[in-house]
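Report on the structure given below.
The values are calculated or read from the model by the stated rules, or taken from the named source; none is laboratory data. Computed from a predicted structure; not experimentally measured. Cβ: placed from backbone, ideal geometry, glycine included. Neighbour counts: every protein chain shown.
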Amino acid sequence: MKKIVHIAKDKSGKWVVRADRAKSHGSKFPTKKDALASARTMSRNGGTLVVHDAKGKIQQVITLRTADTPRLKRAKVSHRMSADSVNAAIVEVVGSKQGVG
Amino acid sequence: MHSYDLDVFINCPFDDGYSELFDAILFAVYSCGFRPRCALEVEDSSDIRIRKIEKIIEECRFGIHDISRTDLDETNELPRFNMPLELGIFLGAKSFGSSKQKLKSALIFDIEEYRYQKFLSDISGQDIRAHSNCPKVLIRKVRNMLNSFGQAHNLPGATSIIRSYESFQENLPHLRSRLALEQEDVTYADQTRLIEQWLKVVG
């Protein structure tokens, strides 16, 4: 299973990078850009980054793969749900079971 | 690599009773870096269905065929012949087609070993495996078949794919609920989207 890393603003106004199951711990950064760069470094061996907006809502889900992982080939269909909405739902469902999200 | 070498034709029942096995095949195919193709792609088309299916078969080097559903339909008391028909087209393309078509490989499933000899004995000599209606067995055998052809490198192990599949099945009702999708409304396009994104996000 991939490591899911959240980038979210805390009450002090800092941007926190935290892995799932570790809500109270995480590295803090002054800007979202710095937090995202750190999260990308943390996940350089593959993973999923969940970027929240300042209010805590999921803004973007970024999936990272390693070079040696087979690239997923999309089915040949039309009329699909948006990947963004499905990604957000997946993160919420998985996060709700882990007490984060 | 050409899409022909990575496209897998899935020939199986599409009813609710088979959905977990169908998902298992999709999980194995996607996880191994191949693309699933099947007759459901053409559900909305006004073209002649069999021509569309022939075209999909022509575009796929690999085929996964499940001939296990030999039961009589409860309403009509007749068997369904679509799976043996599509298997026949696939094997015919391999026999009579171009040199590219002759590269085709088929993995054929039934519930029990050798049961096919009672209703489809002419396919003796093909690669026919038993899945016992078990998604885990299906995933393991599909993954190992795709691995043996060496089209993709560094495939995940069967156990890893099974773990991801089981987690997906466990979370699927919650996921559908979040997306306001009733089970009976989920189309092939929806289901493949859910599985593709699950594998990308959760792995």
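One residue alone among B:Leu155, B:Leu175 is under 20 Å from the mean Cα position of the chain (by Cα) and within 14 Å of chain A (Cβ to nearest Cβ), and that residue is B:Leu155.
None of B:Leu199, B:Leu181, B:Leu155 is within 24 Å of B:Ala39 (Cα to Cα), of a type outside the set (D, E, K, R) and buried (at least 20 other Cβ atoms within 10 Å of the Cβ) except B:Leu199. Per the conditions (1) crowded, with 17+ Cβ neighbours inside 10 Å; (2) more than 27 Å from B:Ala158 (Cα to Cα); (3) free of Cβ contacts under 8 Å to residues at least 24 places away in the same chain; (4) among the aliphatic types (A, V, I, L, M), the sole criterion not satisfied by A:Leu72 is (2).
When A:Leu72 is tested against (1) modelled with pLDDT under 95; (2) more than 7 Å from chain B (Cβ to nearest Cβ), exactly one condition is not met: (2).
For (1) more than 10 Å from chain A (Cβ to nearest Cβ); (2) part of a helix (DSSP H, G or I); (3) out of contact with any helix residue (DSSP H, G or I) (no Cβ under 7 Å at 6 or more places or on another chain); (4) buried (at least 19 other Cβ atoms within 10 Å of the Cβ), each residue gets a yes or a no:
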| position | (1), (2), (3), (4) |
| --- | --- |
| B:Ser160 | no, yes, yes, no |
| B:Arg163 | no, yes, yes, no |
| B:Glu166 | yes, yes, yes, no |
| B:Asn171 | no, yes, no, yes |
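The selection criterion, being charged (D, E, K, R) and under 28 Å from A:Thr66 (Cβ atoms), holds for B:Asp5.
Counting only strands (runs of 3 or more DSSP E) that sit wholly inside the stretch A:14-80, those with at least 1 residues that are at positive phi are A:47-52.
The residue that is nearest to B:Ser31 (Cα to Cα), among those in the stretch A:43-101 that are more than 10 Å from the chain's Cα centre (by Cα) and β-branched (Val, Ile, Thr), is A:Thr69. Summed over the stretch B:2-27, the residues that are surrounded by 18 or more Cβ atoms within 10 Å (Cβ to Cβ) and within 12 Å of chain A (Cβ to nearest Cβ) give a count of 7. Residues that are surrounded by 17 or more Cβ atoms within 10 Å (Cβ to Cβ) and free of Cβ contacts under 8 Å to residues at least 60 places away in the same chain within the stretch A:82-99 comprise A:Val86, A:Asn87, A:Ala88, A:Ala89, A:Ile90, A:Val93, listed in sequence order. Listed conditions (1) modelled with pLDDT under 90; (2) more than 9 Å from every other protein chain (Cβ to nearest Cβ); (3) in contact with a helix residue (DSSP H, G or I) (Cβ under 6 Å, 6 or more places away or on another chain) are all met by A:Val100, apart from (3). When the stretch B:88-130 is limited to residues that are acidic (Asp, Glu) and touching a Ser or Thr at 6+ places or on another chain (Cβ under 9 Å), the one that is modelled with the highest pLDDT turns out to be B:Asp110. Residues of the stretch A:16-44 being polar (S, T, N, Q) and either over 23 Å from A:Ala83 (Cβ atoms) or in contact with a helix residue (DSSP H, G or I) (Cβ under 9 Å, 6 or more places away or on another chain) (or both), which ones? Of everything in the stretch A:16-44, those that are polar (S, T, N, Q) and either over 23 Å from A:Ala83 (Cβ atoms) or in contact with a helix residue (DSSP H, G or I) (Cβ under 9 Å, 6 or more places away or on another chain) (or both) turn out to be A:Ser24, A:Ser27, A:Thr31, A:Ser38, A:Thr41.
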